[in-house]
1. Give, as a single signed number, the net charge of other residues whose beta carbon lies under 13 Å from the beta carbon of Ala107, with Lys and Arg counted +1 and Asp and Glu -1.
2. Which trypsin sites (Lys or Arg not before Pro) does the stretch 219-283 hold that lie in a coil by DSSP with at most 11 other beta carbons within 10 Å?
3. Determine ³J(HN,Hα), in whole Hz, for all residues of the stretch 301-310 in sequence, where each value follows from phi through the Karplus function 6.51 cos²θ - 1.76 cosθ + 1.60 and θ = phi - 60°; x replaces Gly and Pro.
4. Quick check: at a probe of 1.4 Å, how many percent of the accessible area of the chain sits on carbon and sulfur atoms?
5. Report the net charge of residues surrounding Thr328, where surrounding means a beta-carbon distance below 14 angstrom and charges are Lys +1, Arg +1, Asp -1, Glu -1.
6. With θ taken as phi - 60° and the coefficients 6.51, -1.76 and 1.60, list the Karplus ³J(HN,Hα) couplings across the stretch 156-173 in order, rounded to whole Hz; mark glycine and proline as x.
7. Give or take rounding to whole Å, what are the principal axis extents of the alpha carbon atoms in the stretch 115-262, in descending order?
8. Given the chain, what whole percent of its Cα pairs are spread farther than 40 Å?
Amino acid sequence: MIKIKKRKFLLLPGDGIGPEVIGEVKKIINWFNNKKSLDFEIEEELVGGSAYEKHGMPITDEVFYKALESEAVILGAVGGPKWDNLEFSKKPERALLKLRKELKLFANLRPAICFKQLVDASSLKPELVSGLDIMFVRELTGGIYFGEPRGIKPIDNGERKGINTHVYTTSEIERVARVAFDLARKRNNKVTSCEKSNVMEAGQLWKEEVQSIHEKEYKDVELNHMLADNCAMQLVRNPKQFDVIVTDNLFGDMLSDEAAMLTGSLGLLPSASLGAKDKNGNMRSLYEPVHGSAPDIAGKGIANPIATILSFAMALKYTLDLDKEAETLEKAVQNVLDEGLRTKDILSNGTKEVSTSTMGDAIISKLQ
Ligand code: NAD
């Protein structure tokens, strides 16, 4: 078999259940290396609370530069009560924010997929969510979370005022819109762009720039504009109307969480954060489950590894363009769910409880 180019991935397991779920991804990477001759070179480093324990900081410069040089970073999760009272700059979450910011990961992709085997876990009626497949594209490095001026200031009458600034430029909107349109072309060819153009100038600019890039480059893709509050409502009324939703940092934060919960379980949701492509077509990227470090179940061997495994499938698809391999992995997950194997978080009547590592092994057995 012909070996393809060596692919450099950095694994950052992090804290809590992070190392347990990343452990299952390592097994899958080994399987791809052995059976498919995909030459993954993996390095593993500390991040978050575990890095703080060893180095007194949530990410060292050395690890940060390794992330810069890797084709993709696969992260478990960071944080936990042990580090809640650290000063802001030392908190585990700072490592994640630094990686997102310095790697310039401006597009956050969060699929909200409702597996037919798990429709009962959703708070909506099965017919509304069965087969649901929405891709959220959230702008991640701009908008009100980063805009200046910001802060809390005293004012004359003895009160204080809190200030944040919602600001977007043409190029920030265009680059994230392109990600959404490109994704739609590989899916059902439909983009819904959400903003509050009725009450915010930055929202009006968002709408105009998305419309303009659509007219210039993506006329073949269906585009709808929707006010973000209406989108929040439509997501619970008729979520299957959506294919790709593109929106800003603030609305994306809320709407993607809302959509995630339509699918029922945190343990199943992957995500990708992508940067700009360089002149050779390469881009920086970070893949991680949507869930956190789940300190309440850490070390018990019961964490659901599927969100992290599906995050690795996204890395195969979006960083390596290995669509076929990604689909094989996604199908293996579906097959295991079809057989009724479940970790504790998604257990229901008539299904069989398995541990984190048994779930990983079962998925690998379906890859064969
Ligand atoms: P969480 O996602 O860690 O857990 C919420 C609930 O879901 C818990 O009951 C947990 O047991 C369960 N859960 C989460 N993932 C699961 C999985 N894979 N399998 C089975 N059950 C799972 O959220 P939280 O409790 O709000 O936060 C815990 C810590 O994680 C905090 O320190 C928080 O700051 C951090 N956090 C980190 C990230 C990240 O690293 N990206 C994201 C969110 C929260």
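The values are calculated or read from the model by the stated rules, or taken from the named source; none is laboratory data. All of these numbers come straight from a predicted model, not from anything done at the bench. Cβ: placed from backbone, ideal geometry, glycine included. Neighbour counts: every protein chain shown. Keep in mind that these areas ignore ligands, DNA and RNA; they rest on the heavy atoms of the full protein, side chains included. Shrake-Rupley method; radii C 1.70, N 1.55, O 1.52, S 1.80 Å.
1. +3
2. Values: sites: Lys219, Arg237, Lys240, Lys277, Lys279; in loops: Lys219, Lys279.
Taking the stretch 219-283 and a limit of 11 other Cβ atoms within 10 Å, the loop trypsin sites (Lys or Arg not before Pro) found are Lys219, Lys279.
3. So the Karplus estimates, Gly and Pro as x, are x, 10, 5, 7, x, 5, 4, 6, 5, 5 Hz.
4. The computed percentage sits at 50.
5. Charge balance near Thr328 sits at +2.
6. Result, ordered by residue: 3, 7, x, 7, 10, 10, x, 10, 9, 10, 8, 9, 9, 10, 3, 5, 5, 6 Hz.
7. 58, 40, 23
8. That fraction is 13 percent.
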